[in-house]
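Chemist: Once you've had a glance at the structure underneath, I'll fire off some questions.
The values are calculated or read from the model by the stated rules, or taken from the named source; none is laboratory data. Note that the structure is predicted; figures quoted are calculated from it, not measured. Cβ sites come from the backbone with ideal geometry, for glycine too, and all protein chains shown count toward neighbours. Note: areas computed on protein heavy atoms with side chains; ligands, DNA, RNA excluded. Shrake-Rupley method; radii C 1.70, N 1.55, O 1.52, S 1.80 Å.
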Amino acid sequence: MSLAHLPRPWRWVVIVLFALALLALLGQFIVYCHYAASLFRFPFDYDQGEGFELYDTVLHAQGQWPYRDSQVFPFYTSIYPPLFHIITVPLIWIFGPELWTGRLIGFLASLIAATAIGWGVYRASGNRVIAAFSGLTFLASNYTFHIGPLFRQHMTMVMFEVLAIVALAGPHPPSPSPDAEPRVGRGGVLSYPSGIWIGLIFLLAAGYTKQLALATALAGLAFLFLRGPRRALLAGAGLAVVAGGIFIWINYATHGWWYVSLIKANLNAFSQAQALSLYRQWTELHWVIIALALGRLVYEIYFSRLSAYAIWFAFALGNGALSGKFGAGESYFVTVTAAACVLSGIALAQLWKHSAEWKVQGAIALAIIIPLLYLVQTRLTLHLYTAGPIYTTVARALGVNSESGYYDSQGYTQLGPRPTGADHEAGYAISELAHNADGPVFSEEAGFMFKAGKPVVTNAFPQLVMYQAGLFDPTQEIEMINRKAFGLVILRAQFYPPPVLAALGANYQPRTEIMMNGFLYRILEPRP
Amino acid sequence: MFDGSRDDRYTDRTDWTDFTDFFNGSPAPAVPRSRVPRSLGRRADRGDIRLFPKGCNPCTVFSLNPKEADVIIPPMFTDPPLTKRQLGWLILSLGAAMVLTSLGVDIVGAGQFNGLGPAQRQLIGVGTLIALFGLSLLPLGDRLA
């Protein structure tokens, strides 16, 4: 349907509503860019663990693996696959160990993912406006906003996931049509459409960016299985051989520490309550696109053919259950949010297309409802700063003033507020203390170490989960603590094994406490 | 013996090559280069079976009997897409397997607990839902999944 089908007065109402929805989504995008730019300028850990990912990248840049025996000095290992870090390596070679490098990669990954979402919707429906809305809705999600511009591998994984599914969906339009049949060739696997090859490569890339992409890989293969079981089995076997070969090679090169760090250390305790809580929060924030995506999923199951996007949405929805793992969080729902954006966009675009055959009243109603739905969805995920020349006015107009200077419809969040000048000063103050300390510094965050010129020692969270799993013996670390071998201790969340914390308490005393990004950093020095 | 118009989805295609004699047992026709649609690719020049339009399986398009197909087409696997009914059976089997596995845990004695534990109950519940979902697909018949 085109707007020309609508009576003139209604046409203008629809145009104004679409313009308002676009304005709202673009407004959220500007806030996202502002947040990203603020983080690029902040040289310390904003989210705990960023500095360790930077250190992983530095090790890769030096031709070393970060998968090591963390029971010996410097008590360090990484629990994430290497691809994100390897992608960031060239920036480290050029600009040195800076946190903005990986943050930029993450931010660009979110933009590419949003573009791919829009492209997927456009290719399936031919509707440019709803395609653009779908991509912008992904960027407007609180979850995308929070973790996009961080030095974390998660958004790069989501980017590869989206690209994989869009590529796989390429030869198979989601709507029934004669062209929806897979191409049958006699040349074996080499005759597969390029979209399948590209999709499989992106699936491999997603898996080697973060293990959580396994569900998307299964979704992609399940889609291929529906369209041609033999081809899917061959593709799955090929993917398993390549992925397994890389896995065995890295495991051999790291003397088995890859397997311990990547697999065994990630089998954490599960909390059903935590998973349900995160499901509830995700649903409350995204119920518009979730309802539309579920509706489209049911339609494709019972009245049409299943598209790659629908299968992906179903698998990603189930995969959200892993958010109950110790240490997991909202980021586990970014993939399903992306899938919901694509599927809901296709649902609305198809309705828009079919409304050309409806009565005028029905077409008008749909044309009004679509932008209203995007407006409601944008309001659900609203997040903006409430201080500043423009922000204050906008926040007041929207009735979302906040004393903290940042409003988030999710409620209190650690991520989202921009680092202030005081946060910068606090970071430099902690780095200065570390720089002046004798010997290595036992720090729960690695970002300070790069500014202080000290070696990175320990990686708190992996130590804790590996200790809980019986994979980490802290004897040597405690022995060094007892010798007061560390000139300074910097603690934030105290995510260390209890015996390590006890040893720190026995041998180190408080020196000062510094607040940064809303967190209290406890600085300890050796007891006399 | 051959009715190229049987499948009316393809009767309006314009990029056909004339291969009627080919199906009637005559040697493969010499196809002038100028008559080979660009979409068929270079192999069409050699009288290859890929004279068929890109993306078409000649067996399904022209309903050849197996003997004819053997003459014309070298043995090859077909890879038809799944139907809703087949998908329903697969999902039903998966759900049933989950339920049976959950119950089977007690039979083999894993865990050594009395009665159904919370994890077992959840697995049985999820398995039952999955099986019911699979069951709901069975009436949809041979429509493509």
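Chemist: Quick check: anything in segment A:124-132 β-branched (Val, Ile, Thr), over 30 Å from A:Ala19 (Cβ atoms), at pLDDT 95 or above and open to solvent by 20 Å² or more (accessible area, probe 1.4 Å)?
Modeler: Keep residues of segment A:124-132 that are β-branched (Val, Ile, Thr), which gives A:129-130.
Pick out the ones that are also over 30 Å from A:Ala19 (Cβ atoms) and you get none.
No, segment A:124-132 contains no residue that is β-branched (Val, Ile, Thr), over 30 Å from A:Ala19 (Cβ atoms), at pLDDT 95 or above and open to solvent by 20 Å² or more (accessible area, probe 1.4 Å).
Chemist: While we're here: Give just the number: which of (1) under 16 Å from the mean Cα position of the chain (by Cα); (2) within 14 Å of chain B (Cβ to nearest Cβ); (3) part of a loop (DSSP other than H, G, I, E, B) does A:Arg305 not satisfy?
Modeler: (1)
Chemist: Moving to a separate point now. Before we move on, is A:Thr254 closer than 21 Å to A:Glu300 by Cβ, β-branched (Val, Ile, Thr), open to solvent by less than 60 Å² (accessible area, probe 1.4 Å) and more than 14 Å from chain B (Cβ to nearest Cβ)?
Modeler: no
Chemist: Can you pull out every residue in segment A:392-442 that is open to solvent by less than 50 Å² (accessible area, probe 1.4 Å) and basic (Lys, Arg)?
Modeler: Answer for segment A:392-442, where residues must be open to solvent by less than 50 Å² (accessible area, probe 1.4 Å) and basic (Lys, Arg): there is none.
Chemist: Determine the pairs where a residue that is surrounded by 14 or more Cβ atoms within 10 Å (Cβ to Cβ), located within segment B:116-145, has a partner that is basic (Lys, Arg) with Cβ atoms under 6 Å apart, the partner being 6 or more residues away or on another chain.
Modeler: Matching pairs, first to second residue: B:Leu137/B:Lys84; B:Leu138/B:Arg85; B:Leu140/B:Lys84; B:Arg143/B:Lys84; B:Leu144/A:Arg305; B:Ala145/B:Lys84.
Chemist: Here is a list: A:Ala222, A:Ala206. Which entry is open to solvent by less than 60 Å² (accessible area, probe 1.4 Å), within 13 Å of chain B (Cβ to nearest Cβ) and modelled with pLDDT of 95 or more?
Modeler: A:Ala222
Chemist: Would you confirm whether or not segment A:230-247 contains a residue that is over 28 Å from A:Ala109 (Cα atoms), within 14 Å of chain B (Cβ to nearest Cβ), touching a residue at least 12 places away in the same chain (Cβ under 8 Å) and part of a helix (DSSP H, G or I)?
Modeler: yes
Quick grid of which residues meet (1) within 30 Å of A:Trp12 (Cα to Cα); (2) touching a residue at least 40 places away in the same chain (Cβ under 8 Å):
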position: A:Asn266; (1), (2): no, yes
position: A:Thr283; (1), (2): no, no
position: A:Ile301; (1), (2): no, no
position: A:Ser304; (1), (2): no, yes
position: A:Tyr309; (1), (2): no, yes
position: A:Lys325; (1), (2): no, yes
position: A:Glu330; (1), (2): no, yes
position: A:Val334; (1), (2): no, yes
position: A:Lys353; (1), (2): yes, yes
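Chemist: Right, something else. Exactly one of (1) surrounded by 14 or more Cβ atoms within 10 Å (Cβ to Cβ); (2) closer than 30 Å to A:Asp408 by Cα; (3) not hydrophobic (A, V, I, L, M, F, W, C) is unmet by A:Arg41. Its number?
Modeler: (1)
Chemist: May I ask you to verify whether A:Ala387 is open to solvent by 40 Å² or more (accessible area, probe 1.4 Å), assigned to a loop (DSSP other than H, G, I, E, B), among the hydrophobic types (A, V, I, L, M, F, W, C) and more than 18 Å from A:Arg522 (Cα to Cα)?
Modeler: The answer is yes for A:Ala387.
Chemist: Hey, A:His85 hits all of (1) out of contact with any helix residue (DSSP H, G or I) (no Cβ under 8 Å at 6 or more places or on another chain); (2) part of a helix (DSSP H, G or I) but one; which does it fall short on?
Modeler: Of (1) out of contact with any helix residue (DSSP H, G or I) (no Cβ under 8 Å at 6 or more places or on another chain); (2) part of a helix (DSSP H, G or I), only one is false for A:His85: (1).
Chemist: Restricting to segment A:445-476, name every residue that is over 27 Å from A:Phe270 (Cβ atoms), in contact (Cβ under 8 Å) with a residue 40 or more places away in the chain and either open to solvent by 10 Å² or more (accessible area, probe 1.4 Å) or not in a loop (DSSP other than H, G, I, E, B) (or both).
Modeler: Result: A:Gly447, A:Phe448, A:Met449, A:Phe450, A:Lys451, A:Pro455, A:Thr475, A:Gln476.
Chemist: Can you tell me how many residues within segment A:396-417 are part of a helix (DSSP H, G or I) and touching a strand residue (DSSP E or B) at 6+ places or on another chain (Cβ under 6 Å)?
Modeler: In the first step, residues of segment A:396-417 are kept if they are part of a helix (DSSP H, G or I); the result is A:396-398.
The next check asks that each one be touching a strand residue (DSSP E or B) at 6+ places or on another chain (Cβ under 6 Å); those that pass are none.
Within segment A:396-417, residues that are part of a helix (DSSP H, G or I) and touching a strand residue (DSSP E or B) at 6+ places or on another chain (Cβ under 6 Å) number 0.
Chemist: Could you give me the residue pairs with C-beta distances under 8 Å whose first residue belongs to segment B:81-102 and is within 11 Å of chain A (Cβ to nearest Cβ) and farther than 17 Å from A:Leu233 by Cα, whose second residue is surrounded by 15 or more Cβ atoms within 10 Å (Cβ to Cβ) and of a type in the set (Phe, Trp, Tyr) wherever it lies, and which are 6+ apart or on separate chains?
Modeler: B:Ile91/B:Phe133
Chemist: Sort through A:Ala506, A:Ala469 and tell me the only one that's at pLDDT 95 or above and of a type in the set (A, V, I, L, M, F, W, C). Can you show your working first?
Modeler: Details: A:Ala469 fails: at pLDDT 95 or above.
From the options A:Ala506, A:Ala469, the qualifying one is A:Ala506.
Chemist: Away from chain A (no Cβ under 14 Å) and modelled with pLDDT of 70 or more, is that true of B:Val108? Before you say what the answer is, go through the steps one by one.
Modeler: Working: away from chain A (no Cβ under 14 Å): yes; modelled with pLDDT of 70 or more: yes.
In short, yes.
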